[in-house]
């Protein structure tokens, strides 16, 4: 093998994957066209506006800075690529009396609207977070925790991931560096979290953990999407 052949083979070996995995997806994400509801398929004519609440920009920065993307994904794979759609709560929820819309579906590019980077993740040492906000709302109703709100549940989990009986198996590292422990003078700090702290102390969530909690709780695919971008197995056209 000549040096020229070796050089060309090396360029092709690294260049083609870089082109297909970085350049092409980046170019497509920069020019995402609006998705529309249609009367024939959805029963109404309208433009689809993805819903995402919370301090996404600030929270996403904290999420990235603390390496959360290493252990958690934010992508629901299609049926042929995995079993994500069948895992409870990962792909969304079946309709019920509170929310009559079936939100179980695969991920689409519109799920990352509002973020500078689509943090799809590297590994799944922890569960997927695509519908984390929706799962937490159900945890509050069904678990015996000190948390009385979704935000408090997130604080409790990130402060001491294995303290709850339901998540004793968690491998998530504690994020105690994002909390401040202050003296309790008896009055009680208005921002103190409602769970146990070291004797005579109170635990105060920092602005960073507040932004992270807001970001995590905003992850819920609970809106109806147009038939054209709904890749769920049981999708139906409007009747």
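Rg/Rh, computed from the Cα trace of segment 101-145 with Rh as the Kirkwood radius, has the value 1.02. Computed over the chain, relative contact order equals 26 percent, with contacts defined as Cα pairs under 8 Å that lie 6+ residues apart. Modelled label positions at residue 27 and residue 51, each set 7 Å beyond Cα in the direction of Cβ, lie 3.6 nm from each other.
Translational D (Stokes-Einstein, µm²/s) of segment 54-167 at 37 °C and 0.692 mPa s when Rh comes from the Kirkwood sum over C-alpha pairs?
Numbers: Rh = 15.4 Å.
Stokes-Einstein gives a translational diffusion coefficient of 214 µm²/s.
Go ahead and estimate [θ] at 222 nm for the chain from helices alone: -39,500 (n - 2.57) per DSSP H run with n ≥ 4, summed, over the residue count, rounded to 500. Intermediate results must be reported in sequence, preceding the final value.
Values: 8 runs with 73 residues, N = 239.
Taken over the chain, the calculation gives -8500 deg cm²/dmol.
Annotation: extensible slack from residue 149 through residue 223 equals 24.5 nm (criterion: 0.36 nm per residue apart, minus Cα-Cα distance). Just grab the label-to-label distance for residue 184 and residue 83, each label 7 Å out from Cα along the Cβ direction, in nm (one decimal). For the pair residue 184/residue 83, the computed spacing is 4.4 nm. Taking the 0 to 90 degree range and rounding to the nearest ten, how far is the long axis of helix 3-18 tilted relative to the main principal axis of the chain, both from C-alpha atoms? The angle comes out near 60 degrees.
Backbone N atoms of segment 48-71 closer than 14 Å to the 7 Å Cα→Cβ label point of residue 177 belong to residues 62-68. In vacuum, with every alpha carbon of the chain counted as one equal point scatterer, what does the Debye formula give for log10 I(q)/I(0) at q = 0.08 Å⁻¹? Two decimals, please. So the normalised log intensities work out to -0.40.
Taking all Cα-Cα distances within segment 118-239, those exceeding 18 Å account for 61%. To the nearest ten degrees, helix 56-65 and the longest principal axis of the Cα atoms of the chain are 90 degrees apart.
None of the figures in this text is laboratory data; all of them are computed from the coordinates on show. Keep in mind that what you see is a predicted model, and the values were worked out from it rather than measured. Quick reminder, even Gly has a Cβ in these numbers, built from the backbone with ideal geometry, and neighbours come from all protein chains shown.
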